[in-house]
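Undergrad: Pasting a structure here, questions to come.
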Amino acid sequence: MSTPAVPTPPAQADEPVAGPVRLPIAHALNRGLRDALAGDDRVMLIGEDIGRLGGVFRVTDGLQKDFGDLRVVDSPLGEAGIVGSAIGLAMAGYRPVCEIQFDGFVFPAMNQIITQLAKYRHRSEGAVSLPVVIRIPVGGGIGAIEHHSESPEAYFAHTAGLRVVSPSNAHEAYHLLRESIASDDPVIFLEPKRSYWLKGDVDTTVAAPAFDRAQVVHPGDDVTIVAYGALVPAALKAAQQYAEEGVGVEVIDLRSLSPIDDATILESVRRTGRLVVAHEASRTAGLGAEVAARVQDEAFYSLEAPVLRVTGYDTPYPASRLEEDWLPGVDRIVDAVDRSLEH
Amino acid sequence: MKLDDLLSMWRIRALEEKIRDLRLEGPIVGSVHLANGQESVAVGACSQLRPQDALYATYRGHGWAVARGVPPREIFAELMGRVTGVNGGRGGSAHFSAPQHGFHGENSIVGAGAPIAVGAALAGKYDGSRRAAMTVFGDGAINQGAVAEAMNFAAALGLGVVFVCENNRYSELTPIDDMVAEPDLSRRASALGIPAVRIDGNDLAQVRTATRLAVEAAAAGRGPSFIEAHTQRIVGHYIGDSEQYRPAGELERDLVVEPIARLTRELLADGVPTESVERCERRAREEMETAAAAALRDPLADPATAKEHLYA
């Protein structure tokens, strides 16, 4: 690795302040990127409209101004070029963070991700590390069109060699992003875009659990819900409703979609005997199917009811007028929990 | 000098021919793509690269690895799945890499190395090293979107990428002329604002000059260059290719102009003794026999380790 000859501009990162700050997820991510850029000269950002504009979701706002256009690079429109050049940068010792503008736009980059990024470490017998983070705003619920509302996580989770993580709140967004950038593995970082303006307490000085661990975010002993990203707030709302009725719903935020933290899920299901998996992505061959299969492999005799899935439908993402009907939310989660409890 | 060039080309030819024998005899398993007839492009282009420059090759990349200094013994071992292979037998014929030699990997997705080379050049711009990033691909790759994307990316940001198109006339198994309306492939690059040349890839001097200028441009921060080097493969696309697509007489004509035959004729015409010329071939073949025999004695990679190296 050559030492950058270009002086790093003075870091404009806010000094860590003791105690939490209330931030929306988009600002927590911006803070995470800023601190990563300030803390490590090898971190570079690359993507469409991320520099001068600051990104369509404003996640990179102000970063090019403070760190320069050699570290926050506006790329031509072309996702294979973005991910490909991130791979080349990583081979040269850098830690690039790509922004894919919308979920559906990652598909032109799939070749680079699947055939190159995921495979290099294995095919080089560990000699080549590719510490690349690919940030992707995912999911629907913002009144956008089909390819601006996709949930592509299963494609990535199916590919060995990638890590796939997704935060559900602002504190997690900051820490998962910092840990993803620090990781020597390629990380697909899925940002639930309808939650960008969801505020939460962010404490940059208090680390979140390791980024490959699931986390119990609401304890309970009667039924387990595994969710991630935008459906974690919905699952929490459902759990609070059941709590008022004296039913204990345990909510697990999966956080790492690949690898999956089996231990945390199994410990919970062995206690509750019931499991509902909720995600916005379509049902067939989704993460819900994978979690269900793992649980029946390892905890079959603990199950009191079939593992149920709450998911999007097996259709393309619908036009905006239909998305409220299409998207799973609290109602469909409650319905599944009721069915599980009836068994 | 010219004798050294002949030896360098013979090393690649002898390596490829030994690989073919080992593939047919059994120690090498799986698909193998040879570059017989294209040696001058690899030898000429790599002669102009500096240690800090990065090379991205294709699945027809054994010769490029040799020209970059990767030891043949490690290549043989890699193709035979031995622990001593350049990647312990995990990469194989089409996917090995040796970054310590500036050889950042072959690639069996046609054109996929081009965007990666853009990143290597971007790193050179950022860290001030002004490294050149060379990506080599065939004529067929010119029809891949990622190559067009990479060329524009490099041109728009002024990055030191050297795009080398080895035009061997066949897009895998189909004549490239049937797959393009504009047979001058270099015009793809010039249309994007990249200085582009078409050269006789069998002429080492032309390859050297074009590459030298391209690497100098990269090092001076003048951005990318494109070299369309006309060449020919005098073997199948892969070992076992029956080559029905070749018109009658084509191979015979190619065998006259291919770079080893051409340089041999030049040397003899220059008055170099036949014995000196023949010694190049003999020496190269002996080196490859020795390297292959050593690799063959090495232990096979243990299948129990196949799940290793997925994550850091």
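Undergrad: From the list A:Arg52, A:Arg95, pick out the single residue that is within 23 Å of B:Ala112 (Cβ to Cβ) and open to solvent by 10 Å² or more (accessible area, probe 1.4 Å).
TA: On the way: A:Arg52 fails: within 23 Å of B:Ala112 (Cβ to Cβ).
Only one candidate passes the filter, namely A:Arg95.
Undergrad: For the range A:256-270, indicate whether the set of residues that are without any contact (Cβ under 8 Å) to a residue 24 or more places away in the chain and within 22 Å of A:Gly139 (Cβ to Cβ) is non-empty.
TA: No, the range A:256-270 contains no residue that is without any contact (Cβ under 8 Å) to a residue 24 or more places away in the chain and within 22 Å of A:Gly139 (Cβ to Cβ).
Undergrad: Checking the condition open to solvent by 10 Å² or more (accessible area, probe 1.4 Å), under 20 Å from A:Ile46 (Cα atoms) and not assigned by TED's automatic domain parsing to the domain that holds A:Ser258, which residue from A:Ser180, A:Ser129 passes?
TA: The conditions single out A:Ser129.
Undergrad: Considering every residue within the range B:215-234, establish whether at least one is of a type in the set (Phe, Trp, Tyr) and in a loop (DSSP other than H, G, I, E, B).
TA: no
Undergrad: Something else: Starting from residues that are away from every other protein chain (no Cβ under 11 Å) and touching a Pro at 6+ places or on another chain (Cβ under 8 Å), keep the ones in the range B:68-83 and report whichever is surrounded by the fewest Cβ atoms within 10 Å (Cβ to Cβ).
TA: This residue is B:Arg82.
Undergrad: Follow-up question, since we're still on this one. State which residue is nearest to A:Ser282 (Cα to Cα) when the search covers only the range A:183-208 and only residues that are surrounded by fewer than 18 Cβ atoms within 10 Å (Cβ to Cβ) and of a type outside the set (A, V, I, L, M).
TA: By that ranking, first place goes to A:Trp197.
Undergrad: List, please: which pairs have Cβ atoms under 6 Å, are six or more places apart or on different chains, and start with a residue in the range A:174-192 that is more than 12 Å from A:Glu153 (Cβ to Cβ) and end with one that is open to solvent by less than 10 Å² (accessible area, probe 1.4 Å) and among the aromatic types (Phe, Trp, Tyr)?
TA: A:Ser180/A:Phe189
Undergrad: What are the pairs with Cβ atoms under 7 angstrom where one residue, in the range A:97-119, is among the aliphatic types (A, V, I, L, M) and the other, located anywhere, is modelled with pLDDT under 95? Sequence gap at least six, or different chains.
TA: Cβ pairs passing all conditions: none.
Undergrad: Right, here's the next one. Can you find even one residue in the range A:66-73 that is in contact with a helix residue (DSSP H, G or I) (Cβ under 9 Å, 6 or more places away or on another chain) and part of a loop (DSSP other than H, G, I, E, B)?
TA: Yes, the conditions are met somewhere in the range A:66-73.
Undergrad: Taking A:Val59 and the conditions (1) surrounded by 24 or more Cβ atoms within 10 Å (Cβ to Cβ); (2) free of Cβ contacts under 8 Å to residues at least 60 places away in the same chain; (3) part of a loop (DSSP other than H, G, I, E, B), which numbered condition does it fall short on, given that it satisfies the others?
TA: (2)
Undergrad: Which of the numbered conditions does A:Ala319 fail, given that it passes all the others? Conditions: (1) surrounded by 14 or more Cβ atoms within 10 Å (Cβ to Cβ); (2) out of contact with any strand residue (DSSP E or B) (no Cβ under 6 Å at 6 or more places or on another chain).
TA: (1)
Undergrad: Follow-up question, since we're still on this one. Sort out which residues of the range A:95-137 are touching a His at 6+ places or on another chain (Cβ under 8 Å), part of a helix (DSSP H, G or I) and either farther than 12 Å from A:Val83 by Cα or among the aliphatic types (A, V, I, L, M) (or both), and write them in order of number.
TA: A:Asp103, A:Gly104, A:Arg121, A:His122, A:Arg123
Undergrad: On the given criteria, is B:Phe163 of a type in the set (A, V, I, L, M, F, W, C), more than 8 Å from chain A (Cβ to nearest Cβ), within 14 Å of B:Arg198 (Cα to Cα) and touching a strand residue (DSSP E or B) at 6+ places or on another chain (Cβ under 8 Å)?
TA: yes
Undergrad: Might you check whether a residue that is outside any helix (DSSP H, G or I), within 7 Å of chain B (Cβ to nearest Cβ) and touching a strand residue (DSSP E or B) at 6+ places or on another chain (Cβ under 6 Å) occurs anywhere in the range A:87-94?
TA: yes
Undergrad: Name the helices (runs of 4 or more DSSP H) wholly inside the range A:249-338 in which the number of residues that are among the hydroxyl-bearing types (Ser, Thr, Tyr) and touching a helix residue (DSSP H, G or I) at 6+ places or on another chain (Cβ under 6 Å) is 3 or more. Reasoning before the result, please.
TA: Working: elements: A:262-272, A:287-299, A:323-326.
Counting at least 3 such residues, we get no helices (runs of 4 or more DSSP H) at all.
Undergrad: Scan the range B:137-157 residue by residue and report those that are open to solvent by less than 50 Å² (accessible area, probe 1.4 Å) and away from every other protein chain (no Cβ under 12 Å).
TA: Result: B:Phe137, B:Gly138, B:Asp139, B:Gly140, B:Ala141, B:Ile142.
Undergrad: Also, quick follow-up: I'm trying to understand the selection: among the residues of the range A:222-241, which are open to solvent by less than 10 Å² (accessible area, probe 1.4 Å) and assigned to a helix (DSSP H, G or I)?
TA: If the condition is that a residue be open to solvent by less than 10 Å² (accessible area, probe 1.4 Å) and assigned to a helix (DSSP H, G or I), then A:Leu231, A:Val232, A:Ala235, A:Ala238, A:Ala239 are the ones that fit.
Undergrad: Next question. Restricting attention to the range A:76-86, and to residues there that are of a type outside the set (Asp, Glu) and more than 7 Å from chain B (Cβ to nearest Cβ), which single residue is surrounded by the most Cβ atoms within 10 Å (Cβ to Cβ)?
TA: Among those that are of a type outside the set (Asp, Glu) and more than 7 Å from chain B (Cβ to nearest Cβ), it is A:Ile82.
Undergrad: Only one of B:Ser108, B:Ser97, B:Ser129, B:Ser93 is in contact with a helix residue (DSSP H, G or I) (Cβ under 6 Å, 6 or more places away or on another chain), hydroxyl-bearing (Ser, Thr, Tyr) and either within 30 Å of B:Ala306 (Cα to Cα) or modelled with pLDDT under 95 (or both); which?
TA: Working: B:Ser108 fails: in contact with a helix residue (DSSP H, G or I) (Cβ under 6 Å, 6 or more places away or on another chain); B:Ser97 fails: in contact with a helix residue (DSSP H, G or I) (Cβ under 6 Å, 6 or more places away or on another chain); B:Ser129 fails: in contact with a helix residue (DSSP H, G or I) (Cβ under 6 Å, 6 or more places away or on another chain).
Going through B:Ser108, B:Ser97, B:Ser129, B:Ser93 in turn, just one is in contact with a helix residue (DSSP H, G or I) (Cβ under 6 Å, 6 or more places away or on another chain), hydroxyl-bearing (Ser, Thr, Tyr) and either within 30 Å of B:Ala306 (Cα to Cα) or modelled with pLDDT under 95 (or both): B:Ser93.
Undergrad: I'd like the residue in the range B:52-67 that is within 9 Å of chain A (Cβ to nearest Cβ) and not hydrophobic (A, V, I, L, M, F, W, C) and, out of all such residues, is surrounded by the most Cβ atoms within 10 Å (Cβ to Cβ).
TA: B:Tyr56
Undergrad: Would you be able to tell me the number of residues in the range B:114-134 that are within 9 Å of chain A (Cβ to nearest Cβ), outside any helix (DSSP H, G or I) and touching a residue at least 60 places away in the same chain (Cβ under 8 Å)?
TA: 3
Undergrad: I'm trying to understand the selection: among the residues of the range B:92-113, which are small (Gly, Ala, Ser) and more than 7 Å from every other protein chain (Cβ to nearest Cβ)?
TA: Scanning the range B:92-113 gives B:Gly92, B:Ser93, B:Ala94, B:Ala98, B:Gly102, B:Gly105, B:Ser108, B:Gly111, B:Gly113.
Undergrad: Please report, ordered by residue number, the strands (runs of 3 or more DSSP E) entirely within the range A:138-221 with at least 2 residues that are over 27 Å from A:Gly19 (Cβ atoms). Outline the logic, then answer.
TA: Numbers: elements: A:163-165, A:187-192, A:199-202, A:215-218.
Correct list: A:163-165, A:187-192.
Undergrad: Here is a list of conditions, (1) open to solvent by 30 Å² or more (accessible area, probe 1.4 Å); (2) touching a residue at least 40 places away in the same chain (Cβ under 8 Å), and A:Glu298 meets all of them except one; can you say which number that is?
TA: Answer for A:Glu298: the failing condition is (2).
Undergrad: Can you tell me which residues in the range B:20-38 are closer than 15 Å to B:His237 by Cα and either surrounded by 24 or more Cβ atoms within 10 Å (Cβ to Cβ) or of a type outside the set (A, V, I, L, M) (or both)?
TA: Those that are closer than 15 Å to B:His237 by Cα and either surrounded by 24 or more Cβ atoms within 10 Å (Cβ to Cβ) or of a type outside the set (A, V, I, L, M) (or both): B:Arg20, B:Arg23, B:Gly30, B:Ser31, B:His33, B:Leu34, B:Ala35, B:Asn36, B:Gly37, B:Gln38.
Undergrad: Tell me whether the range B:171-181 contains one or more residues that are in contact with a Phe, Trp or Tyr (Cβ under 9 Å, 6 or more places away or on another chain) and within 12 Å of chain A (Cβ to nearest Cβ).
TA: Within the range B:171-181 (the criterion being in contact with a Phe, Trp or Tyr (Cβ under 9 Å, 6 or more places away or on another chain) and within 12 Å of chain A (Cβ to nearest Cβ)), the answer is no, since none of the residues qualifies.
Undergrad: Does B:Arg212 satisfy the criteria of being away from chain A (no Cβ under 13 Å), part of a helix (DSSP H, G or I) and either under 19 Å from the mean Cα position of the chain (by Cα) or at pLDDT 95 or above (or both)? It would help to see each step written out before you state the result.
TA: On the way: away from chain A (no Cβ under 13 Å): yes; part of a helix (DSSP H, G or I): yes; either under 19 Å from the mean Cα position of the chain (by Cα) or at pLDDT 95 or above (or both): yes.
Answer is yes for this residue.
The values are calculated or read from the model by the stated rules, or taken from the named source; none is laboratory data. Predicted model, so just to flag it, every value in this text is computed and none were measured. For neighbour counting, all protein chains shown are included, and Cβ atoms are generated from backbone atoms with ideal geometry for every residue, glycine included. In case anyone asks, the SASA skips ligands and DNA or RNA and just uses the protein heavy atoms, side chains included. Shrake-Rupley method; radii C 1.70, N 1.55, O 1.52, S 1.80 Å.
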